[in-house]
Structures are given as structure tokens and as C-alpha cells.
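Below is one structure, written out as C-alpha cells; the observations come after it.
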Amino acid sequence: KQICLFNGPQQHQQNSLVNPTNPTTSNSTHRTTTDLPENIINHCTGPFTHQNLTTAATRYATSRFPFQPFIVRFDTEQVNLNQFKESIVNHFKSSHQAEVEILNCRTSKVKCNNNDIDFLLYLKNSTSFALLYDKLNWPLTIAGKEFTFPSWPSIPPQLSVIIKNVNINIEFEEFSNEVKALVHDVINVVRMNNKFGNDIHLVKLELSSTSTRQDLLNAKKLIVNYISYDVIEFLSPATVLICSKCSGIGHFRTQCTEQHETCKTCAQAFSDLKNHRCTADPVCKHCSGNHLSNSAKCPVTIVLFPYNPPQALNNSVMMKLDELMTKITDVKDHLAILSSKHDKFEQFMIDKTQQDELVKQQMDLLQKNDHELKKDLVQLKVLFERHDNMFLKLLFPMFEDLFFFIASTNQDKRGNTLDADLKCRLERYLIHVKKSRESKQCCA
């Protein structure tokens, strides 16, 4: 490595784009530069040493593409750049009625094997990037050849926004799901961290649509779980170019005029830095501070990229807000418990209603059976009365007459009994018939 890039202290620097159609520019390409005040570019004020930016450093700053490339790999070298670009443009024009603006396209075989070849496609604007970011929009073949993606670019700042003042004590997964439900074009919800790796009150939304991003920026607000959050533009952090040989600012190692290499710890120059085993305390070459010479905390770096953070809110207000959020979380937990108990009670009432309905059905069935039994008893009583009437009014008189007739025929002309045994039986039968009639009359 010949250079070291360090982020500024969480300062977002606005990037400006050089017009690709400018006739004074030798290469008609889209470049990204970092806006810096001229007095800061030319020199550092105060006790710091004079820092001139070389032409190479300026060229480095103005030769960065605005988006990461889409890397497309073929297993054959029969596809050329023109065929590749024409296939991409024609496919999106015919299938998606969209114009893909290509900034640059080149090939590479650095990470390829055998006959593989990579095509690096750089896009001009965020609309084209968002269109190609969806893999479903890509054609099945390009120039009649199958292809693969060895890697996939990350979502750039041009498709991201920042949500401010998001409490760090909230349930972040629930917050992310709620945001994705509100804004359907959100791909990722990322909690931002400071340089120590701790969570901060900023959340980045990575989107797949430029129009959705613009709508959020125009609205300037996003209401999540009845809380309104400020939405601002996400700008990538600025970087400082530091020479890896002398730790100077603003030039490459190849343009360095120093003869010896400088130790980043003790700031001493040595002819062969590999033989140097530094055990001294860190001393900055630029400001003599107790940090490494290539540290982003160096005041020289801070002067190059001055950090003017917004005035912090009153600590008491933040404490009250945190306390309020804690109480809201407690209330939410209590509401969740009440909701659970309410659901259990509702289930109990549903079961009780079903049980009551079952008991009611059984009681109705018993009442119906009782009614039918009463009807059967009435019918049986009628039958008994009919039988009683038939015995009392028909059968018993008929038996008596029959017995008297048989008894009369059991006598001769003189009135003597012919069969004494038959006479006894007839008398006994008459007694039984008489008793039966009397008992039925008593029951009636």
C-alpha cells in the first residue's frame, strides 16, 4: 500500500461532480471531488508546517467514481466492451423502458482464473444504480453468454438517508421492521456507531429508489411508532491523503521527496524502517502530540477538515428524554402484560360461552325427552283405561255368564251336580273375577 486514508471525525463533506461534457476536460468522465477551502488546501495555519497538495494528490481526489462498480464475470473472453454495454442498455430499454447511463466500463483479470474475465460497470447516476441493484432486472444472458456476479456493491450514500435522535434503548429489530413496513423501498436499517464502536442516536436507511429517498428528504420527517424523527441527507465522510513513507499530507508515496522513511510512532526517519523496532511513546510528526503521525485525531487533519458539530442539546433535556423513553418502555411492557392477560380472559370467556352453549343444548335435549316421555305416559294411561273398561264391562261379565252357563250344564234333570270338581273350579274362578273387579274399581 502506498497511501493511507483516514476518515474525518464524523464530518460529512458534500461531494461535487465535475461536468463530464466540459470541453476543457481531457477525459469525458464523471468525477467526484471533495470541496475544501483554498486556504486549507494550500497550507495549514498556526504552528503546523506548510502542506502543499501535489498534482498527483489532486488527480487522486478527482478520479474517484461516484458509485462502486457492478462486477460481471464471464467464463470466456469472446465478449468485448461494446457488446457488453450495448446488451445492458438495450435490455433495460426494451424490458424496463429505462435508460441506463454508463459512466465507464473496463475489464480486469486480477481475480480471475483461466479464461474468466471481469467487466467493471460504473454508472453515472443513482437512478441507474438503483435499477441495476435489483438482480431480477438483469438479463439471463449478455451478448449470448452466461455470467455470474463474483461480488455485489454496497448501497451508496446517494441512496441513503439519516434518521436523527433515535433512542439507543429501543428494540431495534422492532424499529427496523416498522420502518420497512412504512417505507417499502428500505433495504437495510443500520444503527450508526462512533469511532469507539458504540451505538449513537443516528440510524441510516439504505433505499432502492431515488424517488423514495427524495420524498423522505422533502418530508424531513418520519413517524415511527407515533414518534416523529428528523430525516436528513447522508453524506459519506471525507478522507485525508497521508503518505505512507514520510507521513506527510497531500501526496503519494511515489511523489515523496524524502530519502528516508519515517516511523509513524516516534516520528524519526530511518534508512531501513524494517530494521527499526520502535518502543518509544507515540509522537506526532506534525504537531508533536502523543498520537501516531497518521492519526485522524491530529490537529492537522482537523484543520484540513474542520468539524463543526451542531450544538448539543441540554444534558438535562436528553436525560429527561431518556427517562421518558424508559418510562414509555415500561408502560409498553405493562401494556403487553395486560394485553396477554386480556387475551387469556377473552379465551376463557370464549371457552365458557362454548361450555354454556353445550350445557344449554343438553338441557334442551332433556326437556325434549321429558316432553316425549309425558306424551308416552298419557298414551299409556289411555291404553290402561281402555283395558280396564274392556275387562270391567266386557270380559268380567262375559266370564261370569260363561261360568254360570257351565255350572247350569253341570247338573242333571234332578238338579244334582254331575262333576263336583268342575263346580269347585267354577266357583273359585267366579271369586277371582269378583276380587279383580273390586280391585280395579278401587284403583279407578
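The values are calculated or read from the model by the stated rules, or taken from the named source; none is laboratory data. For clarity, every value in this text was computed on a predicted model and none was experimentally measured. A quick note on method: Cβ atoms are made from the backbone with ideal geometry, for glycine too, and the neighbour counts reach across all protein chains shown.
Numbers at a glance
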read-out: Which listed residue, of Leu358, Leu366, Leu373, Leu383, is closer than 30 Å to Lys435 by Cβ, exposed (fewer than 11 other Cβ atoms within 10 Å of the Cβ) and in the same structural domain as Lys434 (by TED's automatic domain parsing); value: Leu383
read-out: Selection count, segment 160-198, where residues are among the acidic types (Asp, Glu) and touching a Ser or Thr at 6+ places or on another chain (Cβ under 7 Å); value: 1
read-out: Segment 406-424, residues that are assigned to a helix (DSSP H, G or I) and surrounded by fewer than 11 Cβ atoms within 10 Å (Cβ to Cβ); value: Ser408, Thr409, Ala420, Asp421
read-out: Hits in segment 267-280 - residues which are touching a Ser or Thr at 6+ places or on another chain (Cβ under 8 Å), more than 18 Å from Gly250 (Cα to Cα) and assigned to a loop (DSSP other than H, G, I, E, B); value: Gln268, Cys278, Ala280
read-out: Among residues of segment 292-302, those that are in contact (Cβ under 8 Å) with a residue 40 or more places away in the chain, assigned to a loop (DSSP other than H, G, I, E, B) and of a type in the set (A, V, I, L, M, F, W, C), counted; value: 1
read-out: Pick from segment 307-346, criterion hydroxyl-bearing (Ser, Thr, Tyr) and at pLDDT below 80, ranking: surrounded by the most Cβ atoms within 10 Å (Cβ to Cβ); value: Tyr307
read-out: Residue that is nearest to Lys297 (Cα to Cα) [pool: residues in segment 171-204 that are buried (at least 18 other Cβ atoms within 10 Å of the Cβ) and over 13 Å from the mean Cα position of the chain (by Cα)]; value: Leu202
read-out: Test: Val72 is more than 36 Å from the chain's Cα centre (by Cα) and either at pLDDT 90 or above or farther than 30 Å from Lys285 by Cα (or both); value: no
read-out: Residue in segment 108-119 that is within 30 Å of Val189 (Cβ to Cβ), modelled with pLDDT of 90 or more and surrounded by fewer than 17 Cβ atoms within 10 Å (Cβ to Cβ) present; value: no
read-out: Residues of segment 110-163 satisfying the condition of being of a type in the set (A, V, I, L, M, F, W, C), farther than 27 Å from Leu217 by Cβ and part of a loop (DSSP other than H, G, I, E, B); value: Val110, Cys112, Trp138, Leu140, Ala143, Phe147, Phe149
read-out: Residues of segment 147-173 classified as among the charged types (D, E, K, R) and free of Cβ contacts under 8 Å to residues at least 24 places away in the same chain, total; value: 2
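To keep it simple, each residue is scored yes or no on (1) in a loop (DSSP other than H, G, I, E, B); (2) closer than 26 Å to Glu178 by Cα; (3) modelled with pLDDT under 85.
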| residue | (1), (2), (3) |
| --- | --- |
| Ser211 | no, yes, no |
| Thr239 | no, no, yes |
| Gln255 | yes, no, yes |
| Asn290 | yes, no, no |
